[in-house]
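Chemist: Dropping the structure in here first, questions after.
The values are calculated or read from the model by the stated rules, or taken from the named source; none is laboratory data. On a predicted model such as this, the values are computed, not experimentally measured, just so you know. FYI the Cβ positions are ideal-geometry reconstructions off the backbone, even for glycines, and counts take in every protein chain you see.
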């Protein structure tokens with residue numbers, strides 16, 4: 001529980017820092033690299049989100065690096081291969097339908113830390129019913145990596161709590 005509280009504070013602090021950091025404090029070349037990395041990671045996330053809403057597994061997998069990890073609560077979940085992730089998506093879609101999910105929108109996407117090969121995004125998500133009302137709002141942090149010139153999400157930590165959060169994931173014990 002403490003780890004989740006700390007993550008929540010980190011995300012809020014990073015959003016504040018991002019909004020209040022003077023851009024001129026960084027050399028032009030570094031600003032350009034950070035800006036490009038952020039833009040590429042955000043575009044990768046947006047493609048993943050569109051694929052998630054369309055329930056297009058192939059398009060989702062195209063935006064993920066494996067192994068892929070998720071921290072939910074205090075429990076790690078791991079999809080080692082794209083087949084691990086791919087094989088459970090039909091069941092996940094049925095579970096989403098059972099909870100009357102219609103769409104997930106993202107009300108904010110903020111680049112909170114960046115480098116040429118890794119980018120942290122703080123995201124506010126909202127799972128919604130068909131009438132547009134929210135049934136599950138959550139903060140999440142996604143870490144994107146640039147491997148062989150391709151950006152993909154490799155790790156995420158989420159406050160999303162529902163029945164479909166860990167389909168097909170192994171749960172390693174540390």
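Chemist: Considering only the stretch 68-80, I want to know if a residue exists there that is exposed (fewer than 15 other Cβ atoms within 10 Å of the Cβ), out of contact with any strand residue (DSSP E or B) (no Cβ under 9 Å at 6 or more places or on another chain) and in a strand (DSSP E or B).
Modeler: Yes, there is a match, as at least one residue in the stretch 68-80 is exposed (fewer than 15 other Cβ atoms within 10 Å of the Cβ), out of contact with any strand residue (DSSP E or B) (no Cβ under 9 Å at 6 or more places or on another chain) and in a strand (DSSP E or B).
Chemist: For the stretch 82-100, which positions are without any contact (Cβ under 8 Å) to a residue 40 or more places away in the chain and either surrounded by 16 or more Cβ atoms within 10 Å (Cβ to Cβ) or closer than 20 Å to residue 50 by Cβ (or both)?
Modeler: If the condition is that a residue be without any contact (Cβ under 8 Å) to a residue 40 or more places away in the chain and either surrounded by 16 or more Cβ atoms within 10 Å (Cβ to Cβ) or closer than 20 Å to residue 50 by Cβ (or both), then 82, 86, 90, 93, 97 are the ones that fit.
Chemist: Another question, if that's okay. Quick one: would you say residue 125 is crowded, with 17+ Cβ neighbours inside 10 Å and in contact (Cβ under 8 Å) with a residue 24 or more places away in the chain?
Modeler: Considered against the rule, which asks whether it is crowded, with 17+ Cβ neighbours inside 10 Å and in contact (Cβ under 8 Å) with a residue 24 or more places away in the chain, residue 125 comes out as yes.
Chemist: Of these, 155, 138, 167, which one is surrounded by 15 or more Cβ atoms within 10 Å (Cβ to Cβ), under 26 Å from residue 102 (Cα atoms) and at pLDDT below 90?
Modeler: Of 155, 138, 167, the one residue that is surrounded by 15 or more Cβ atoms within 10 Å (Cβ to Cβ), under 26 Å from residue 102 (Cα atoms) and at pLDDT below 90 is 167.
Chemist: Still on this structure, I have one more. I'm told residue 114 meets every condition in (1) under 14 Å from residue 42 (Cα atoms); (2) at pLDDT 95 or above except one. Can you identify the failing condition by its number?
Modeler: (2)
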